[in-house]
Structures are given as structure tokens and as C-alpha cells.
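Colleague: The structure follows.
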């Protein structure tokens with residue numbers, strides 16, 4: 001494979017990793033049904049290799065070092081690791097379900113070897129994203145999608161481990177914002193978007 005084709009392949013892999021706001025099931029169910037095996041923010045980006053896993057390495061950019069590692073168990077792809085910036089370290093890990101659909105992605109956005117964001121998929125479609133925005137190793141920003149559309153964002157703005165800010169989206173724009181002002185986990189103040197015609 002020519003160097004040019006390898007760069008195009010890596011670009012396509014990168015693009016699909018950093019995009020995806022497609023639909024799925026209820027955001028409420030997605031939030032409650034987190035995969036127990038999912039890598040969470042703060043974990044090492046590269047999980048240990050399973051005893052039953054076989055790995056195939058690819059040198060996509062032609063520098064003599066592998067950039068993509070594909071893990072299989074009994075011939076079925078279970079995980080793929082990618083070095084997106086070619087520094088020799090994994091930056092993105094994709095996990096696949098028994099049907100071969102992408103189940104989740106773990107991303108190291110600041111290249112420190114730790115998971116900063118996790119994207120969850122159902123039947124290969126992105127339904128939820130979690131991100132550690134303050135670097136404490138815990139997710140504090142959550143984004144939910146239904147039917148290919150953004151429906152809700154939640155954040156822990158104080159770093160307490162409890163959601164205190166909610167955005168509900170309709171028609172491609174914020175419909176209302178809820179804020180927990182006293183830290184008890186419930187909305188104290190609602191602000192509605194006066195320009196959102198989607199609810200009329």
C-alpha cells in the first residue's frame with residue numbers, strides 16, 4: 001500500500017472516531033445501562049491483552065512502527081487500538097460487540113495515556129458520550145442522542161460527582177436549561193429558550 005493510501009486510511013479511521021451523533025434508544029435507558037466492562041475516564045487507554053486474544057498490527061503511515069492493532073477472539077474482532085498522532089502510543093480504542101458492531105470508543109484527547117472520553121454505541125450508532133473535562137479521572141460531562149439528534153446534556157460543574165446542570169434540546173437548539181443552585185441534585189432554576197419554535 002502506498003504512503004498516500006495509508007494516510008488516507010488513517011484519516012478515515014480518525015474521522016470516524018471523532019464524529020458520530022447518530023440515533024438510538026432512550027437517553028434515560030442509555031444513562032442507566034452503562035456497560036460494566038466499559039473503560040471509564042481516568043483508566044489507562046490501553047487495556048491489558050486478554051489470554052485468548054490474537055493481535056494483528058498495521059503500519060498505516062509507513063514509518064516502520066505499528067499504528068493500528070486489531071484484536072480478535074476466535075476470529076471475531078473485539079477491539080481495535082489506534083495511534084492517531086504517530087507517537088507510538090495508543091490514543092483511541094474501539095470495542096466491538098458479538099455481532100461486530102462498534103459498542104464503544106475510549107479516547108485519550110490530551111495524549112497522557114489515560115481515557116478522557118468514552119462514546120457508547122448501540123448497533124454501531126452513537127447514543128451517549130461521557131467526558132472528563134477537569135482531569136480528575138471521573139466523567140463530568142454527559143451527552144445523549146436519540147434518533148440521530150442531540151437530546152440532552154448534563155454536567156457536574158462543581159466537581160462534586162453530582163449533576164448540577166441540564167440542557168434539553170429540541171429541533172436542533174436548546175429548549176430549556178436546568179440548574180441545581182444548592183447542590184441537592186434537583187433543579188432549582190429553569191431557563192427556557194424564548195426563540196425555540198420547536199415546542200410550539
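The numbers here are math on the coordinates, done by the rules we state, and not lab data. The structure presented is a predicted model; accordingly, all values stated were derived computationally and were not measured. All Cβ positions, even for glycine, are placed from backbone atoms using ideal geometry, and neighbour counts span all protein chains on display.
Colleague: Does region 107-200 come out rounded, prolate or oblate, given a ≥ b ≥ c as the square roots of the eigenvalues of its C-alpha gyration tensor, rounded meaning a/c under 1.5 and, failing that, prolate meaning a/b above b/c?
Modeller: oblate
Colleague: With a Förster radius of 25 Å, plug the Cβ-Cβ distance of residue 110 and residue 63 into 1/(1 + (r/R0)^6) and report the FRET value to the nearest 0.05.
Modeller: The value I calculate is 0.65.
Colleague: What full-extension length gain, to one decimal in nm, is calculated for residue 157 and residue 184 as 0.36 nm per residue of separation minus the Cα-Cα distance?
Modeller: 8.4 nm
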